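One structure is given here, and the rest of the page talks about it.
The values are calculated or read from the model by the stated rules, or taken from the named source; none is laboratory data. For clarity, every value in this text was computed on a predicted model and none was experimentally measured. Glycine gets a Cβ as well: all are built from the backbone with ideal geometry, and neighbour counts include every protein chain shown.
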Amino acid sequence: MRELAWIVLAALPALSQSGVVQTESGALRGALSGGAWSYRKIPYAAPPVGELRWTPPQPAASWQGERDASAWGPLCPQLDGDTAVGEEDCLHLNVWTPAPPPASPAPVMFWIHGGGHAQGKMWFCRTCGRSVIAQVVGQGKDNVAGIASALFSSISDHSADGWNTWALYDLVAAVPESFRLRAQKLMSGYLRLEFDRRGGERLTIERWGLANVTRRKFTVAEWLQTMCEGSRHGARTSAASVHGHDAALGAGRLRSLAAWAGALRDAMGSRSVASIYEGCVWECTENNKLYAVQLWRTRKSEGLLDEVVARCECH
Ligand SMILES: [Zn+2]
Ligand SMILES: [Zn+2]
């Protein structure tokens, strides 16, 4: 997978109008069609054949001169009905990128096929600005087509009540659809979803694992002050209860020059600045995880923090 990512990232910045890109393995010549350059059959690892069969992937061999990247590579070995098709030498990648090249880096979407006994569906929803990828992979006599049909038709990517559900592993939360996902972070035991909306209002939802070890000598109020941004904004904390657990609420305002500079930059074009800070931290004793929701907003409270906290599932 590392090789896979490397080739995509290496290829895109080097893109020129001529359709020739330089990768660390050599130059590729793409094909122009329908407003996009395509680069096909890019080797991302050595063919897993002979002695390399069932061994960790080895780097792809490099080449001299320009490699023609206009034709598809072979399918991976699979059954077409009862007939075996494809070749083992199939560790190739296909990359599409807009023509002419975008002025600034564009998002990169990966598509990893599900295999032979599988069905997949992918779509981009303009309403919530999210891409959805769904795959069903079966074994033996599993009715993959039937399950896929039922599953795909049951997926709704945005809700009807104006709140979008977001999930990162088993962290499930909801935010108003006016907020867009700005960043996400996943480290061992730590998850973070970061949202913003017009006017520079920001919302973050975080979760730490092993709360009994992570929090150890801190109270939840101290966690809000030290591990979250409570103290930076002079937040006063008060005790509360969330989903039946002890919680700390914090309320403050942007204080430091740096915080104001950031808020002013984020508020560009808007009359108000997101200078009001609110935070909430609670520990779920049922699943031993620690949660924090923080909000930087412009106006008087709309009860937004409470609502996000209420919709953030813990146990
Ligand atoms: Zn949607
Ligand atoms: Zn809980």
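For the reader, a short list of remarks on this structure follows.
- Residues that are assigned to a loop (DSSP other than H, G, I, E, B) and loosely packed, with under 11 Cβ neighbours inside 10 Å, drawn from region 62-99: Gln64, Gly65, Ala71, Trp72, Gly81, Asp82
- Per-region count, region 167-215, residues within 16 Å of ligand 1 (Cβ to nearest atom), surrounded by 18 or more Cβ atoms within 10 Å (Cβ to Cβ) and within 18 Å of His315 (Cα to Cα): 1
- Every residue from region 110-128 that is within 16 Å of ligand 1 (Cβ to nearest atom) and either in a loop (DSSP other than H, G, I, E, B) or closer than 25 Å to Thr83 by Cα (or both): Lys121, Arg126, Thr127, Cys128
- Residues satisfying the stated conditions in region 294-312, i.e. closer than 15 Å to Ser238 by Cβ and of a type outside the set (D, E, K, R): Ser301, Leu305, Val309
- In summary, Asn287 fulfils each of the numbered conditions (1) free of Cβ contacts under 8 Å to residues at least 12 places away in the same chain; (2) touching a Cys at 6+ places or on another chain (Cβ under 7 Å) with the single exception of condition (1).
- Checking the stated criteria, Gly303 turns out to be over 29 Å from Ser188 (Cα atoms), at pLDDT 90 or above and more than 16 Å from ligand 2 (Cβ to nearest atom).
- Members of region 134-143 that are touching a helix residue (DSSP H, G or I) at 6+ places or on another chain (Cβ under 9 Å) and outside any strand (DSSP E or B): Gly138
- Unique residue being at pLDDT 90 or above and of a type outside the set (Ser, Thr, Tyr) when the list is Phe179, Phe124, Phe110, Phe152: Phe179
- Inclusion of Gly146 among residues that are assigned to a loop (DSSP other than H, G, I, E, B), away from ligand 1 (no atom under 16 Å from the Cβ) and either surrounded by 11 or more Cβ atoms within 10 Å (Cβ to Cβ) or not acidic (Asp, Glu) (or both) is not warranted.
- Test for Arg297: is it among the basic types (Lys, Arg), surrounded by fewer than 16 Cβ atoms within 10 Å (Cβ to Cβ) and either more than 16 Å from ligand 1 (Cβ to nearest atom) or at pLDDT 95 or above (or both): no
- Any chance Ser131 is within 20 Å of the chain's Cα centre (by Cα), free of Cβ contacts under 8 Å to residues at least 60 places away in the same chain and assigned to a loop (DSSP other than H, G, I, E, B): no
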